[in-house]
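Peer 1: Before anything else, here's the structure in question.
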Amino acid sequence: MSAHIPAVATAFIPLTSFLSLSIYLSTHPKSPARRLRRVALPTHQDEPLDARKDPFEIGDDGDLGDGHPVNPDQFWRSMKQRKRWLLASLILPFVANIALLVLTVSSNAVIPPAMLLSSHIVTIIMALAYLSHADTASHWATTIHLGAALFVQFMVLAVIALLPNEPFPMSHASVNIDNTSLLRSALPILHLLPLIIVLFIRRGPPLYVPLDHIYPPKIAEAIPSDHPSLDPKQSNVCEEVQATIPEWLLFGYVTNVVKKGYKADTMDVWDLPVLTHNMRALACYHTFKSVYGRRTRRSLTKEGYNLLKKIAIANIRPLTARKSQPVPADSEIILTVLTAIFYYLPHLLLQQLLEYLQNDPTRQHPRWGWLIAFGLFTSNALTYIVGGIIWSISTTTLQARIKLQLNTTLYAKTLRKKDVASVGEDKKGEEDEEGVASKAQIMTLFTVDVDRVTDFVFHAFALVDSPIEIAVATIYLIQLLGRSAIYGLLAALLCMPVNHLASKFVVTAQENLMKARDKRTGLMNEILQGIRMLKFMAWERSFEKRVEEIRNDELHWQARNYTIEVAFNVLWAITPVIVTVVSFLHFTLVAGHTLTPAIAFTSVAVFDELRYALNALPETFINALQGFVSCRRIEKYLAFAEVELVQTTEPSDIITKDATFTFARDDSDAKNPFTLANLNLCFPQGELSLICGRLGSGKSLLLLGLLGEADLVSGTVICPRSSPDLMDGFPDTVTDWILPSMLGYVPQQAWLQNASIRDNIIFSSPWNEERYHQVLEACSLIADLKIMEDGDQTEIGEKGLNLSGGQKARVSLARAVYSRAGVLLMDDVLSAVDAHTAHAIMENCFQGDILKGRTVLLVSHHTALVSPVASYIVALDNGDVKFSGTRADFVEGGLMTELDADENKAMSPIAEKTVEDAFPLRKSVLTQAALEPDSETSSIAPDDEITESVVKKGPRKLVEDERRAKGRISRDIWATYFKALGGPVWWILFALGQIIAMLLPVAEKLWLQYWTGHDKTVPEAHSSTFYVVGYAVITLGGAFLSNLVYVVMYNGSLRASRVLHSKLLHSLLFANLRFHDTTSRGRVLNRTGKDIEGLDSSMADNFTRSLEYGLSVAVTFFSILSVGGLPFLGAGCLLLVIYYQAGSIYGQTSRDMRRLDSVTRSPLYSLFGETVSGVAVYRAFGASTLTLKRMIQLADTNNLCFFWTWTVNRWLSARFNMLSSAMIGLTAVIVLGTPGVTAAMAGFALAFAGGISHDLLFVVRRFVQLEQSMVALERIKEYSELPLEAPEYVDPRPAAAWPAEGAISVEKLVVRYAPDLPNVLHGISFDVKSREKVGVVGATGCGKSTLALSFFRFVEAHEGRIIIDGIDIATIGLTDLRSRVTIIPQDPTILSGTLRATLDVFDEYDDAEIYAALRRVHLISDNDVSDLESRNKNVFRDLNNSVSEGGDNFSAGERQLLCMARAILKRNKVLFMDEATASIDYETDELSTFRLELADVVSTTIREEFSDSTIVTIAHRIHTIIDFEKVLVMDKGCIAEYATPAELLRNTKSRFYSLCRATGRTEFKKLKEMAMEAERKRASVAKPE
């Protein structure tokens, strides 16, 4: 060893110190250089020309930062004391070094102490400045720099002190030892104390954050009052803010979380420490928003690249510095470069150790061996520590931040984007391959595409690391093998074109897989929205088949992905093998060198590491390509057109001048959209205006145009609009309630949130109890709340599923009335309520004080009811204004003569008893029924039930919190997966593949040992060709055979995916209605989307690799044991016990993290779906910013679980890496201490020991990932075993023609929702003759809907029976029953596709029959204009026209008529209707009088088309059933009256008489006339008989 080595090594100390100092001065917060750099002239370059504040630039309430310090004074006093100790401890090594300098001043040995002196001066100066630092940023930066400088000083001086006196074996150089050696040996010991002190200095004081500022109110309120996280005197922020350097490097700040997870049965969100400010959603949103800006145009050439660039800029700090710390600039990149360069230092030391053993087999110079063994341990440990930091930045910091940035940006865009999703067109061509227009595709952006982008980030640092590793490995291999290594590496280039070709297949397969997944997700979303209709129509099997067809296509592309993956695995495995074989072949056969153990095992180790570098690049490239597809989709969405910015306007009339509106569309939509043209209207301020017109005339489009939701093609509009942040600034107490500039909106299809009734009405407005009760009374909700056990605290299910249509409409109305809006736009709010309720709402709400002085635009079919109080009336017809003016204009022109007589009567107080007065109300079983284990809620009007009064309890949840399993994955979950994979043959093949893969590495290394370990003094038994060919056969064959197990596994995985998805789908489609009523759609979509994707994509790989790494660890242990013997057995078992303990602790916590991650993701997805469907309401009320804040809180909650899942993972990796380093060092020590171990045997043992670090870490990590994947299967299995309805078919099945007559007999029917609940129907009996028409009426909660549900067996008879044509319906299958009995519900549901597919689901009818049905429901007529000159053509004339999701491109009336047309096509003998004409418009006749003409025509159509059918109608409007043969009046679950309408009206004491009287004198008179006329007609028809 040269005498210059100490001087060269010592030079590294000042080099590091001055490099650190330069970085310190340029980045430290208190550096003078940094202060100078901040001086700059002010500039306004980036300020927009429009100075208005961006309403989406939301602020941080309270500006919390990382948190409030807890006992900061005490902390800084403690740290200052430690800094003094540090400064004092630096004096002694400084003095010792000066003494050494004096002693060596006359010799060449003076250079090392002289260089060390400069480093000491820098360190002492920094330590002096350190004393004054009392803020976290400057304090922690100095701590890092001092720690790094002292560590380098200690390590270099320790190595110099440990250098042996004797020469390295086979080396003629020696180390000159002088009389100062004792002082040199003391220097590292003297440096140890200051190093220890600085390592125990903490980053900053503990911090506290009020949790209600971070988490949603629902979580904040659920935290136990005595929980430590609520105590301001205790820290609840991530302990990283107070970590020491070792804790930071080894993730020690995670230990308490891991311990808590291990000890607790389960963890909740509030058990996890809060993240620092830069890891929260709000900060990430602001960062990305400032970088990305706003775009409303697509950039086709750079789409995707631009987004990636902006992501990189927004995350430049974590990319180039560890989070927000001013540690060395470009730290991740620099750390990656340094790691790549020094990655092969352990291999160099391995080579030195084997050369030592090879040249000193008798261990004559043991100190060199011990030094190299220490170097092996230290180099591996340092490499792993730095690698852990890099992985932490990539997997935790970057992934979490980018996910938050993209999700919040996408959500903000959704709140700004034009709502074009509901007008979906069938777009053909290549452009739609990455479509993001439909609601399902938008949901996929949130649920899938964002994850795809962040998955690329996971391996992104490989783009820097791998090329440098390859370069360093190449240089090293050339040093080992000479030019033979170059030939080997050139052989690897042959595989490059194949890599490029395969990457194209990957992109194609991935794009097609994503499209199939989008399609399935969209269809599942629609199925879940329309599940009641599917069940009513017995369409489960049909839609199950549709989903399975899409699923088969999806699995086809998944299989293609698997095939490509196996091909890549073989390619990646064979590339380094080719390099090794060619290199060895040239080295031995061509160059004629002897392959020694040091060269052979070191080369193989380097080639193995090179394999990871060579494989990482294409793997990262594939991830990048998959992520890039998602980037393009996201950026395409972010470039969609947005609604116009809100202009500040003074309160005035609402005016349109030559305005032309069309539904919001993007550039690729159809060329001939429906338009509302040439509008010149003036709606008076502070008055009620009426908008009416026939079905499809453009009434809703007019409101959307005024809202800014529709496109203004030409003209101008003056209408107030709410600023997006209007509601966010409301104070708690308000003096002037009405805001003239605020707008409120009530959509035609009521949009409600999954919250309590009160929360839906308040809608984040200030609380005013008096006003609230006024609103309840004005909207006729008080009676409804009385029958609900929890009153206004009753939770509304998703989309209001547990409320009747009328209740949903009134809650939606109440939200607008309660709001502070001075302008209210209401779309058809009266159509879903019955006549007396409509009158009450008109009197108490529209004519009451609550709306006085507010501008109201009301779209309504109740023209006779509304027009007398309307100051301005607009009549529309097919996109044109048929009339506009005041009611006075009508009267003066004689156009309202027919209404004059009714004017005073309609508006006068109703003296007669209302329905509620006539029928006393009882408390409902609504909430109880919805929550009982075996109960179901109504699917027609779920609130329409009664029961005996129950004990008052606190408000309960309809949609329960998502359940979360505890502990380890149960055996039955594993058994479910194992059974789904395949039978005995599959398992035999799988075991065979695993055994082959396990034994191949042993065979390779044994062959190398055999090749290099023979005695050189004995003549060769075999030629070099023999050894090279043998090695080539083993390694090349292994490259193919080792992937056999993946071929088997992926085949089994596809089978398991198909089987498990089919079970899940069947369970969801055939589950009872209670499940769908009490489970949010987002939660179910999470199972069918994210969890199924995990099952498809990662389960098989995790399962196979868990076994592979586990078997590899076993092989490694026994291989080292064969060399090390008993000494290794004891030490190895001890290390394995420690491994097991760490793995067990980690596994429990990690499972909980994964479950929490899944559970907290569902509310986020639900909010995404809720917003996509209700964005117009949010924008109308000015609640966009408010809901964005809510989303940010939910995102923070989910991100917290995601962050800790990965950080716990890093905690395990750090500990396993340290243990692995210890394992390598231990193996080296045992090899050195066992005299009989040759260099070849040592190479064999160390080759396995070098890989055990990877295998041991990944056996735990992969197994935990497998368990986390099993959590997805656990959730899938939970929903695959739901309580199902009765069988579809029961033998013997009814005759094909059943029911042929339609006679109904109900005998003593008793219904209850669960065995332990009170009866809902109390022994009712009645008969309905064949072809008879019966109306069912009664007060809310009387049991009407339960009776209807009983006919479809959604609730089963507890006693009694229902007989249809002589067959008890309880004795036949549900499909036979529901497919032969038709219902037309109040809330019409149609699914996407074409008009033909909507009307003819099973393709049973020809076009002529379908057109005939459309004519009968008056959707088309013979005199329709069908030529091309028509501006607004009738879309129903083309059966290929598209139907968007949920039929959103049709009005509610059109959807109801489509349902009626579908019923006409079926022509079943028994028909149920739940007020099928509720949404049908009243037509304007030639005299401009408004009557029920179309409704009457439709009613006539029903009577004519179903004249041979028995009809039972749940009536909300009396006039729809007044001419029926009989009326069944229900009260409290009993039949109160059952007779003809005329007979009941003759009895002035009858309940039906009171019900009719409650509609008003005029209406009552008309009803009586209609009933008597119908009786006369029936009598005249019956006379001839």
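The values are calculated or read from the model by the stated rules, or taken from the named source; none is laboratory data. Quick caveat, the model's predicted, so the values are computed rather than measured. A quick note on method: Cβ atoms are made from the backbone with ideal geometry, for glycine too, and the neighbour counts reach across all protein chains shown. To get the accessible areas, we keep the full protein, side chains included, count just its heavy atoms, and leave off ligands, DNA and RNA. Shrake-Rupley method; radii C 1.70, N 1.55, O 1.52, S 1.80 Å.
Peer 1: Could you work out how far apart the two model spin labels at F1026 and Q1141 are, taking each label as a point 7 Å from the Cα in the direction of the beta carbon, and quote it in nm?
Peer 2: 5.1
Peer 1: For A1295 and D889, FRET efficiency with R0 = 45 Å and r from the beta-carbon atoms, rounded to 0.05?
Peer 2: 0.15
Peer 1: Right, something else. Taking 0.36 nm per intervening residue step and subtracting the Cα-Cα distance, what contour gain separates C1534 from N1547 on full extension? If you can, show how the numbers build up before the last one.
Peer 2: Details: separation 13, 0.36 × 13 = 4.68 nm, distance 1.95 nm.
Value of the extension gain: 2.7 nm.
Peer 1: Let me ask something else about it. Go through K1063/K1333; K439/K1469; K260/K1277; K882/K1566 and tell me which ones have a Cα-Cα distance over 32 Å in this structure. Don't jump to the answer; show the numbers that get you there.
Peer 2: On the way: K1063/K1333 42 Å; K439/K1469 38 Å; K260/K1277 28 Å; K882/K1566 28 Å.
Pairs exceeding the cut-off: K1063/K1333; K439/K1469.
Peer 1: Describe numerically, in nm with one decimal, the distance between label points set 7 Å from Cα along Cα→Cβ at N768 and at D268.
Peer 2: 3.6
Peer 1: Relative to the present Cα-Cα distance, how much length would full extension add between S542 and Q74 at 0.36 nm per residue of separation?
Peer 2: Numbers: separation 468, 0.36 × 468 = 168.48 nm, distance 7.06 nm.
Roughly 161.4 nm would be gained on extension.
Peer 1: Once label points are set 7 Å from the Cα along Cα→Cβ at both A1370 and K259, what is their separation, rounded to one decimal in nm?
Peer 2: 6.2
Peer 1: Per residue, how much accessible area does region 103-151 have with a 1.4 Å probe, in Å²? List each step's numbers first, then the result.
Peer 2: Values: 1770 Å² over 49 residues.
I get 36 Å² per residue for this part.
Peer 1: Please list 271-284, 1027-1040 highest first by mean number of surrounding beta-carbon atoms within 10 Å per residue. Walk me through the intermediate numbers first.
Peer 2: Working: 271-284: 22.6, 1027-1040: 18.1.
Listed from highest to lowest mean packing, they are 271-284, 1027-1040.
Peer 1: Once neighbouring chains are kept in place and the probe is 1.4 Å, which whole percent of the accessible area of region 1281-1357 is contributed by carbon and sulfur? Intermediate values should be presented prior to the final figure.
Peer 2: Values: 1610 of 2980 Å².
Solvent-exposed carbon and sulfur of region 1281-1357 make up 54 percent of the total.
Peer 1: Continuing with this model, one more query. Count the net charge of all other residues whose Cβ sits under 9 Å from the Cβ of A1300, scoring Lys and Arg as +1 and Asp and Glu as -1.
Peer 2: -1
Peer 1: Take the alpha carbon gyration tensor of region 198-298, find the square roots of its eigenvalues, order them as a ≥ b ≥ c, and report rounded if a/c is under 1.5; if not, report prolate when a/b exceeds b/c, else oblate. Show your work: numbers first, answer last.
Peer 2: On the way: a/c = 2.16, a/b = 1.32, b/c = 1.64.
Verdict is oblate for region 198-298.
Peer 1: Report the calculated FRET efficiency for L117 and L162 (r = Cβ-Cβ distance, R0 = 22 Å), to the nearest 0.05. The partial results should precede the final answer.
Peer 2: Values: r = 22 Å, r/R0 = 1.01.
The value I calculate is 0.50.
Peer 1: Between beta-carbons, use under 11 Å as the cut-off and find the net charge around A243, counting Lys and Arg +1, Asp and Glu -1. Show your work: numbers first, answer last.
Peer 2: Working: positive: R202, R203; negative: E239, E240, E247.
Net charge in that neighbourhood comes out at -1.
Peer 1: Quick one: length gained pulling S652 to T563 fully straight, 0.36 nm per residue minus the C-alpha distance?
Peer 2: Values: separation 89, 0.36 × 89 = 32.04 nm, distance 6.69 nm.
Gain on extension, S652 to T563, equals 25.3 nm.
Peer 1: Oh, and also: I need the phi-derived Karplus couplings for region 220-237: 6.51 cos²θ - 1.76 cosθ + 1.60, θ = phi - 60°, integer Hz, Gly and Pro marked x.
Peer 2: 4, 6, 7, 5, x, 4, 9, 6, x, 5, 8, 8, x, 8, 10, 6, 10, 9
Peer 1: For V1002 and T1394, what is the calculated FRET efficiency with R₀ set at 56 Å and r taken between the beta-carbons, to the nearest 0.05? If you can, show how the numbers build up before the last one.
Peer 2: Values: r = 62 Å, r/R0 = 1.11.
That pair, V1002 with T1394, gives E of 0.35.
Peer 1: So, for region 1260-1312, what is the accessible surface per residue at a probe of 1.4 Å, expressed in square angstrom?
Peer 2: On the way: 2230 Å² over 53 residues.
About 42 Å² of surface per residue is accessible.
Peer 1: Something else now. Around Q234, what is the net charge, scoring Lys/Arg as +1 and Asp/Glu as -1 over all other residues with Cβ under 15 Å from its Cβ?
Peer 2: Working: positive: K233, K260; negative: D226, D231, E239, D271.
Summing Lys and Arg as +1 and Asp and Glu as -1 gives -2.
Peer 1: Take the solvent-accessible surface of the protein heavy atoms, probe 1.4 Å, and return the percent of it on region 734-875 that carbon and sulfur atoms account for. Intermediate results must be reported in sequence, preceding the final value.
Peer 2: Values: 1700 of 3720 Å².
C and S atoms contribute 46 percent here.
Peer 1: Here is a further query. For region 1059-1206, what does the accessible surface come to per residue with a 1.4 Å probe? Please give it in Å². Present the calculation step by step, with values, prior to reporting the outcome.
Peer 2: On the way: 3560 Å² over 148 residues.
With all protein chains present, region 1059-1206 gives 24 Å² per residue.
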